[in-house]
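Undergrad: I have a structure I would like to understand better, so I am pasting it below and will then ask my questions one at a time.
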Amino acid sequence: MSDHRTFMAKKGTLQRCWYVVDATDKPLGRLAAQVAMVLMGKHKPTYTPHVDTGDFVIVINAEKIRLTGNKLAKKVYSHSGHPGGFKETTYGDILRKFPERLIEKVVKGMVPRNKLQMSRKLKVYAGSVHPHAAQKPVEMNV
């Protein structure tokens, strides 16, 4: 009888990588879906649901993200984050004022809401400069 056991990743044995993604002319939803998969660790064969096996992702050029159709004018984000803070703002306004928040909000909606808090490994920057050169991030194609 062969001994086939299910692999379970352990927190101490994880190898975390850093990836950098250029958001220039990439559709928002497709970029966010790929980034969410890397943050969760589903791109690795060592993926374990109850352990945070994901990698760090740096998104640059967030101000140059592309929204298809008429979403810049029609799609609405409608809460300030505070109790009673109903406030309608179009995606175009958010992209103009705070381009990082738009990507963070969409990716955060795609990762699980549990105590692993995988969205903390996401770093988003409006321009092409980021302060994470010491981590030697690898270019990721999306």
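Here, each number is a calculation from the coordinates, and none is a lab measurement. Values in this document were obtained by computation on a predicted structure and should not be read as measured data. Cβ atoms come from the backbone with ideal geometry, glycine included; neighbour counts cover every protein chain shown.
Undergrad: Excluding Cys17 itself, what net charge comes from residues whose Cβ is under 13 Å from its Cβ, given Lys and Arg +1 and Asp and Glu -1?
TA: Around Cys17, the charge tally is +2.
Undergrad: Quick one: angle between helix 28-40 and the longest Cα principal axis of the chain, in degrees between 0 and 90, rounded to 10, please.
TA: Helix 28-40 sits at roughly 30 degrees to that axis.
Undergrad: What are the residues whose amide H is under 5 Å from the amide H of Val124, where those residues sit 5 or more places off or on another chain and H is modelled from the backbone?
TA: The answer is Val59.
Undergrad: On a straight-distance basis, which lysines could pair with Lys75 in a cross-link, Cα separation under 20 angstrom, same-chain partners fewer than 8 positions away excluded?
TA: Cross-link targets: Lys26, Lys64, Lys87, Lys97, Lys105, Lys108.
Undergrad: For the chain, what relative contact order do you get, as a whole percent, if you take Cα pairs closer than 8 Å and at least 6 residues apart?
TA: Dividing the mean separation by the residue count of the chain yields 32 percent.
Undergrad: Give me, ordered by chain and number, the residues 5 or more places off Tyr19 or on other chains with an amide H under 5 Å from its own placed amide H.
TA: Here Phe56, Val57, Ile58, Val138 satisfy the definition.
Undergrad: Taking chymotrypsin sites (Phe, Trp or Tyr not before Pro) as candidate sites, keep only those in a DSSP loop with at most 16 other Cβ atoms within 10 Å, then name the longest stretch of the chain containing none of them.
TA: Values: sites that count: Phe7, Tyr47, Phe86.
Longest gap between qualifying sites, sites excluded: 87-142.
Undergrad: Right, next: So which aspartates and glutamates pass the test for Lys42, namely a Cα distance under 13 Å, with those fewer than 8 places away in the same chain ruled out?
TA: Asp52, Asp55
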